[in-house]
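The values are calculated or read from the model by the stated rules, or taken from the named source; none is laboratory data. Computed from a predicted model, the values in this text were never measured in an experiment. Using ideal geometry, Cβ is built from the backbone for each residue, glycine included, and neighbour counts are taken over all protein chains shown.
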Amino acid sequence: MTTAPERAIAQRDALGEPADLYPGGQVGRPVLRYGGGDRTSGAQQFVADLRFPGALQVALVTVPVGCADVLGIDTAAARAVPGVVDVVTAAELPSPVPRFGVSHTDRPVLADGRVNYHGEPVAAVVAETLDAAQAAARAVVVDYRELPGVYSLDAALAPGAHLVQDPSIRPEHALIDTNVLEDAHYAWGDIEAEEARADVVVENTYTFPMVTHFPIEPGGTVAVPTDSGGLDVYSPVQHPYLLQRTISSVFGLPLNQVRVFAPDPGGGFGGKQNPKLEPLIAFLALRTRRVCRIVLSLEETFQSMRRAGCRMRARTGFTSDGELTFHRVEADFQIGAYADVAPRVMGKGSYVAAGPYRIPGVRIDARAVMTNTTPSTAFRGFGSPQVSWAMESQLDAGARELGLDGLEIRRRNLVAQGEAFVRGESAAHADGDWHQSLEKAAELIGWGTPLPPNRGRGIAVGIKPGATSGLSQSLVRLLCDGSAIVYAGTSDMGQGARTLWQQIVADELGAELDRVTVVSGDTGTVPFDLQTSASRSTVFMGSAVLEACHDVRRRVLELYAESTGVPAEQLDVRPGLLITPDGELSLPEAARQALGSLRGEFIGQGTRRLRGKGAHPLGGDAAFYEFNATAIEVEVDRETGELLLTRHVTVSDVGTELNPLQVVSQDEGAAIMGLGHSQMEQLLLDDHGRIRNLGALDYRIPTFKDVPLELVSEAVENHDGPGPYGSKGISEGALLCTAGALGAAVADATGVVIRDLPLTPERVWTALQGADS
Amino acid sequence: MTNDDPVVDDGLQTVRLSVNGTRRTVAVPAHRTLLDGLREEVGLPGTKSCCAEGECGACTVLLDGKAVNSCLVLCVEAEGHEVTTVEGLSADGLTDLQEEFLNAGAVQCGFCIPGQVVSAEYLLRTNPSPDEAEIREALSGNLCRCAGYQRIVRAVQATAVRRGAAQ
């Protein structure tokens, strides 16, 4: 059995690709995961596995509704529980209660008199044992008055609706009297004229559900007060340096007094990017002068992160030849009770709401609508899966009207490399030959070949802008024995970032793989990295690591010249090598000779900085685009509405596969996650704003038995990315357009078009009944 | 939130059990799950906690050789029984199964992997050459959110072949 990476390598070798793309032979190979052994043996330490003898345990107190005024909190009985050290409410916090947040400083450390979503803590109990903390949390009596919270888009947008946000948060904002936190508008072309010349116009409304990240590691936080008045904070966070800055600003501590240790997240998917409970746990540690620890339940995790749901009304026009003339979309993102990064999800997602297509007239109006629900945050795809569902479905709606198939209509409208798909002042151009991915997906699904009854195929494409600004810094130390240590602040949450740094350094410095170690997860020793998100790390941190290697090589050359007397002009460096007048020296050997008997080491520094553009609606041009084509073949059981995916193909445009095994693993994982929101996942709320399917029993994610019979992941490589060796980010592509492909396949199989996700058996069966009657 | 009487049960139960071949005695409250007992009292954190209601499989251990969700077993129920955790499976280094997990690219964040490994080991011990459907059925109680499951299936298949060849 050949694996996809093996096939990829064979293909690469067969193509005779230039050797300098893969200088020492590690980059481009399916190197096994750095740290994989510990992850397999159980030795890997996640935050809940770290031992803190004598740590106090924290339990949270909530009220059983989504919106309420807190009238009083009686902590007497809780304080009487043996082992309880402290019970903290907003009254114990500084007044006003400190707030924090990414896009707005709106989230209080503890609910400040008002509960804005179900699960928002109103008090925290600190006790010597978890049993005592939990018993005392149950004994806290909260007197509250339920308010008419808004739990849906319709409720939030209704005239006179309850306002989720305290108006003092954004006093000068034009939308202050509404639940619309922010809006975004993109337009180009003469949309009226383009509509007038359209031969076919389709208009539909689509919905995308609220879904939760469901990392298998629920997560937690430990805060340790230091002797110097600072804090060490342990959290499996994707952005350790953001957490450091947040703790620093909430408590008025200098950055050097806040040290964030970030144990590898056990899955993040965007949910572990931004601070949530960490400021509270930090406050408790500063107040008690003790180590304070919380490990979340899965239910508490559901109540702290989710994807924004979305409702989209789209009107789209085509010529009789199937060419798009205009696309008009209004998208309302249902965000939660605090902003987190949701306005940017709305703004960045809707920026690509017209897809990767050549459309002369476009108007996109999007809104981030606050509701009394779990704050929505970044989630793999960052707004793109939502808008893609509408755009791809509209394309298929037009194709059906015109008698074209899903492949043909995309062929006719997908932009060519270099062509603009967003026009106007903030234009965006295709940075890859995306038609290759489309054609490859079509070929791999067997597009156009005959199918038995009740089977159908769908094909769709998706794009997502990568990071639009950013900064990654790295240090690489080449030690006197030729081994190396990389310092890179990327959180390794399963994507395998450390493996790539190991490969790059091994090749560039001529070290064996097992003589390269990577240090991350500690703001006290590892240089700054802005974030681990947007599939940016390969491009940003990868470039920083590469530059640090080049810096090391330059220093080796200089010291070698100084130590040996060979003029520097007569020396040169190559990956893994020093070139001398007498021939090639391996870089470790050159380093050893240069360092001499005093030994020591070389320290190289690398920085990748992408400055934004002030006038750009996204803050700057995307460093790269993730592009994916997905094709699905489905069999529909007309009796039950169940979908059996017989084949699922995903093709991503990756630039260069630095590690084909990790590329295919990420791509497959994204595809299955995309099936989750397409087929089964949705957060359901009751009339009080409580999540009805709170927990693993009632909230379904794909299992071993839900996945396609065949899942095929392939990559298109043209070495045209901005990252090391022509790479791009790749971790989100395969879920961008899963829903569109599946919806089209179901329509192809049954003739029934469904515009609301997920395509549960109940929903499919109901739609079939409607069609049959 | 509620008016439940605060109850802290100081009455500890002494439980004697075998963990990874070593006799252990722990003193735990009656409500302590085997999962928490293994992690907190025995000091073996390789067994992971996620859903705590028997749905995700991250906490899978072998109890007298059978795969169970340790979050659904009380410590006191394990009195006199033999427990094998992922640490016990890999006491002498990575097993062939664990190696195949790595080779197949089945391991991403790794949080679910100890449970997957224990469930797969139980399958291979009870059915040395499972077909794909049997593997998917046997592991259907183990959730993974990073990957697409098929690499785990391949890892189990590769191990079965390897063990078959070794016999």
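Assess whether A:A187 counts as being assigned to a strand (DSSP E or B) and hydrophobic (A, V, I, L, M, F, W, C). So that I can check it myself, show each step before the final result.
Values: assigned to a strand (DSSP E or B): yes; hydrophobic (A, V, I, L, M, F, W, C): yes.
In short, yes.
Hey, A:P758 hits all of (1) within 30 Å of A:E120 (Cα to Cα); (2) of a type outside the set (G, A, S); (3) touching a Phe, Trp or Tyr at 6+ places or on another chain (Cβ under 8 Å) but one; which does it fall short on?
The failed condition is (3).
Can you report the number of residues in segment A:695-717 which are in a loop (DSSP other than H, G, I, E, B) and of a type in the set (A, V, I, L, M, F, W, C)?
The initial filter retains those residues of segment A:695-717 that are in a loop (DSSP other than H, G, I, E, B), namely A:695-710, A:717.
Adding the requirement that they be of a type in the set (A, V, I, L, M, F, W, C) leaves A:696-697, A:701, A:704, A:707, A:709.
So the answer is 6.
Tell me whether segment B:79-96 contains one or more residues that are of a type in the set (V, I, T), within 12 Å of chain A (Cβ to nearest Cβ) and closer than 22 Å to A:P265 by Cβ.
So far as segment B:79-96 goes, yes, one or more of its residues are of a type in the set (V, I, T), within 12 Å of chain A (Cβ to nearest Cβ) and closer than 22 Å to A:P265 by Cβ.
Do we find a residue being surrounded by 21 or more Cβ atoms within 10 Å (Cβ to Cβ) and over 25 Å from A:Q303 (Cβ atoms) anywhere in segment A:42-64?
Among the residues of segment A:42-64, at least one is surrounded by 21 or more Cβ atoms within 10 Å (Cβ to Cβ) and over 25 Å from A:Q303 (Cβ atoms), which makes the answer yes.
Could you tell me how many of the residues in segment B:40-82 are under 9 Å from the mean Cα position of the chain (by Cα), of a type in the set (G, A, S) and outside any loop (DSSP other than H, G, I, E, B)?
Residues meeting the conditions: 2.
Which of (1) in contact with a helix residue (DSSP H, G or I) (Cβ under 6 Å, 6 or more places away or on another chain); (2) buried (at least 24 other Cβ atoms within 10 Å of the Cβ) does A:I281 not meet, given it meets every other one?
Result: A:I281 passes all but (1).
Looking only at segment A:718-773, count how many residues are assigned to a loop (DSSP other than H, G, I, E, B) and of a type in the set (A, V, I, L, M). Spell out how you get there, then give the answer.
If we filter segment A:718-773 for residues that are assigned to a loop (DSSP other than H, G, I, E, B), which is where we start, we get A:718-723, A:727-732, A:737, A:751-755, A:757-760, A:773.
Within this subset, residues satisfying the condition of being of a type in the set (A, V, I, L, M) are A:730, A:752-754, A:757, A:759.
Here the count works out to 6.
Got a sec? Which strands (runs of 3 or more DSSP E) wholly within segment A:573-655 have at least 2 residues that are free of Cβ contacts under 8 Å to residues at least 60 places away in the same chain? Show your work before the answer.
On the way: elements: A:577-580, A:583-586, A:601-610, A:625-636, A:643-653.
Because the criterion is at least 2 residues that are free of Cβ contacts under 8 Å to residues at least 60 places away in the same chain, the strands (runs of 3 or more DSSP E) in segment A:573-655 that meet it are A:577-580, A:583-586.
Kindly check whether there is at least one residue in segment A:213-220 that is within 30 Å of A:L759 (Cβ to Cβ), of a type in the set (A, V, I, L, M) and buried (at least 22 other Cβ atoms within 10 Å of the Cβ).
The answer is yes; a qualifying residue exists.
Filter segment A:387-405 for residues that are closer than 11 Å to A:C737 by Cβ and either touching a helix residue (DSSP H, G or I) at 6+ places or on another chain (Cβ under 6 Å) or acidic (D, E) (or both) and give the result.
Listed by number, the residues that qualify are A:V387, A:S388, A:W389, A:E392, A:S393, A:L395.
Results for (1) in contact (Cβ under 8 Å) with a residue 24 or more places away in the chain; (2) within 14 Å of chain B (Cβ to nearest Cβ); (3) of a type in the set (D, E, K, R); (4) farther than 19 Å from A:F333 by Cβ, shown as yes or no for each residue.
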{"residue": "A:V142", "(1), (2), (3), (4)": "yes, yes, no, yes"}
{"residue": "A:L147", "(1), (2), (3), (4)": "yes, no, no, yes"}
{"residue": "A:S152", "(1), (2), (3), (4)": "yes, no, no, no"}
{"residue": "A:A158", "(1), (2), (3), (4)": "no, no, no, no"}
{"residue": "A:A161", "(1), (2), (3), (4)": "no, no, no, no"}
{"residue": "A:R170", "(1), (2), (3), (4)": "yes, no, yes, no"}
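Looking at segment B:8-38, which of its residues are among the basic types (K, R) and either facing another protein chain (nearest Cβ under 8 Å) or assigned to a loop (DSSP other than H, G, I, E, B) (or both)? Please lay out each step first, then the result.
If we filter segment B:8-38 for residues that are among the basic types (K, R), which is where we start, we get B:16, B:23-24, B:32.
If the condition is that a residue be among the basic types (K, R) and either facing another protein chain (nearest Cβ under 8 Å) or assigned to a loop (DSSP other than H, G, I, E, B) (or both), then B:R32 is the only one that fits.
Do we find a residue being over 18 Å from A:S297 (Cα atoms) and facing chain A (nearest Cβ under 9 Å) anywhere in segment B:51-68? Spell out how you get there, then give the answer.
As a first pass, look at segment B:51-68 and keep what is over 18 Å from A:S297 (Cα atoms): B:61-68.
From what is left, the residues that are facing chain A (nearest Cβ under 9 Å) are none.
Looking for residues that are over 18 Å from A:S297 (Cα atoms) and facing chain A (nearest Cβ under 9 Å), one finds none in segment B:51-68, hence no.
Out of A:G229, A:G266, report the one residue that is in the same structural domain as A:D106 (by TED's automatic domain parsing) and either at pLDDT below 95 or under 21 Å from the mean Cα position of the chain (by Cα) (or both).
Numbers: A:G229 fails: either at pLDDT below 95 or under 21 Å from the mean Cα position of the chain (by Cα) (or both).
Checking each option against the conditions leaves just A:G266.
Taking segment A:575-619 as the search range and keeping residues that are among the basic types (K, R) and in contact with a strand residue (DSSP E or B) (Cβ under 7 Å, 6 or more places away or on another chain), which one is farthest from A:L546 (Cα to Cα)? Reasoning before the result, please.
Narrowing segment A:575-619 to residues among the basic types (K, R): A:592, A:599, A:608-609, A:611, A:613.
If we keep only those that are in contact with a strand residue (DSSP E or B) (Cβ under 7 Å, 6 or more places away or on another chain) as well, we get A:608-609.
On the way: A:R608: 10, A:R609: 13 Å.
It comes out as A:R609.
Using the structure shown, decide if A:D667 is under 17 Å from the mean Cα position of the chain (by Cα) and either surrounded by fewer than 24 Cβ atoms within 10 Å (Cβ to Cβ) or within 14 Å of chain B (Cβ to nearest Cβ) (or both).
Yes: the conditions hold for A:D667.
State which residue is farthest from B:C59 (Cα to Cα) when the search covers only segment B:138-153 and only residues that are surrounded by fewer than 24 Cβ atoms within 10 Å (Cβ to Cβ) and more than 7 Å from chain A (Cβ to nearest Cβ).
Residue satisfying both the conditions and the ranking: B:V153.
Looking at segment A:414-504, what strands (runs of 3 or more DSSP E) fall wholly within it and have at least 1 residues that are away from chain B (no Cβ under 14 Å), over 29 Å from A:K613 (Cβ atoms) and of a type outside the set (A, V, I, L, M, F, W, C)? Lay out the reasoning, then the answer.
Values: elements: A:420-422, A:455-465, A:470-479, A:484-488.
Result: A:455-465, A:470-479, A:484-488.
Identify, please: which residue in segment B:126-136 is out of contact with any Leu (no Cβ under 9 Å at 6 or more places or on another chain) and more than 7 Å from chain A (Cβ to nearest Cβ) and is, among those, surrounded by the fewest Cβ atoms within 10 Å (Cβ to Cβ)? Please lay out each step first, then the result.
Our first condition is that a residue be out of contact with any Leu (no Cβ under 9 Å at 6 or more places or on another chain); within segment B:126-136, this holds for B:126-129, B:131-133, B:136.
Now restrict to residues that are more than 7 Å from chain A (Cβ to nearest Cβ): B:126-129, B:131-133.
Values: B:T126: 12, B:N127: 13, B:P128: 12, B:S129: 11, B:D131: 11, B:E132: 14, B:A133: 9.
Within segment B:126-136, the match that is surrounded by the fewest Cβ atoms within 10 Å (Cβ to Cβ) is B:A133.
For A:W434, all conditions in the list (1) without any contact (Cβ under 8 Å) to a residue 40 or more places away in the chain; (2) under 25 Å from the mean Cα position of the chain (by Cα) hold save one; what is the number of the exception?
(1)
Name the residue that is modelled with the lowest pLDDT, counting only residues in segment B:83-125 that are under 16 Å from the mean Cα position of the chain (by Cα) and surrounded by fewer than 16 Cβ atoms within 10 Å (Cβ to Cβ).
Within segment B:83-125, the match that is modelled with the lowest pLDDT is B:A91.
Among the residues of segment A:68-80, is there at least one that is in contact with a Pro (Cβ under 9 Å, 6 or more places away or on another chain), modelled with pLDDT of 95 or more and either surrounded by 15 or more Cβ atoms within 10 Å (Cβ to Cβ) or more than 14 Å from chain B (Cβ to nearest Cβ) (or both)? Talk me through it step by step, then tell me what you get.
Residues of segment A:68-80 in contact with a Pro (Cβ under 9 Å, 6 or more places away or on another chain): A:77-78, A:80.
Subsequent filtering for residues that are modelled with pLDDT of 95 or more retains A:77-78, A:80.
Of the ones still in play, those that are also either surrounded by 15 or more Cβ atoms within 10 Å (Cβ to Cβ) or more than 14 Å from chain B (Cβ to nearest Cβ) (or both) are A:77-78.
The answer is yes; a qualifying residue exists.
For A:D667, state whether it is under 30 Å from A:G418 (Cα atoms) and of a type outside the set (S, T, N, Q). Quick ask: steps written out before the conclusion?
Numbers: under 30 Å from A:G418 (Cα atoms): yes; of a type outside the set (S, T, N, Q): yes.
Judged against the criteria, A:D667 is a match.
When you scan segment A:29-37, do you find a residue that is over 30 Å from A:V651 (Cβ atoms), within 14 Å of chain B (Cβ to nearest Cβ) and either out of contact with any Gly (no Cβ under 9 Å at 6 or more places or on another chain) or at pLDDT 90 or above (or both), even just one?
Pass one, segment A:29-37, residues over 30 Å from A:V651 (Cβ atoms): A:37.
Subsequent filtering for residues that are within 14 Å of chain B (Cβ to nearest Cβ) retains A:37.
Narrowing further to those that are either out of contact with any Gly (no Cβ under 9 Å at 6 or more places or on another chain) or at pLDDT 90 or above (or both): A:37.
So far as segment A:29-37 goes, yes, one or more of its residues are over 30 Å from A:V651 (Cβ atoms), within 14 Å of chain B (Cβ to nearest Cβ) and either out of contact with any Gly (no Cβ under 9 Å at 6 or more places or on another chain) or at pLDDT 90 or above (or both).
Can you name the residue in segment A:39-61 that is of a type in the set (G, A, S) and not in a helix (DSSP H, G or I) and is also farthest from the other protein chains (Cβ to nearest Cβ) among such residues?
As a first pass, look at segment A:39-61 and keep what is of a type in the set (G, A, S): A:41-43, A:48, A:54-55, A:59.
Cutting the leftovers down to not in a helix (DSSP H, G or I) gives us A:42-43, A:54-55, A:59.
Numbers: A:G42: 2, A:A43: 7, A:G54: 14, A:A55: 12, A:A59: 11 Å.
Checking each candidate, the answer is A:G54.
Quick test for you: out of A:V545, A:V573, A:V526, pick the one residue that is β-branched (V, I, T) and surrounded by 24 or more Cβ atoms within 10 Å (Cβ to Cβ).
Working: A:V573 fails: surrounded by 24 or more Cβ atoms within 10 Å (Cβ to Cβ); A:V526 fails: surrounded by 24 or more Cβ atoms within 10 Å (Cβ to Cβ).
One residue alone meets the criteria, A:V545.
Could you say which residue among A:R574, A:R592 is modelled with pLDDT under 95, within 19 Å of A:G482 (Cα to Cα) and basic (K, R)?
On the way: A:R592 fails: modelled with pLDDT under 95.
Of the residues listed, the single one that is modelled with pLDDT under 95, within 19 Å of A:G482 (Cα to Cα) and basic (K, R) is A:R574.
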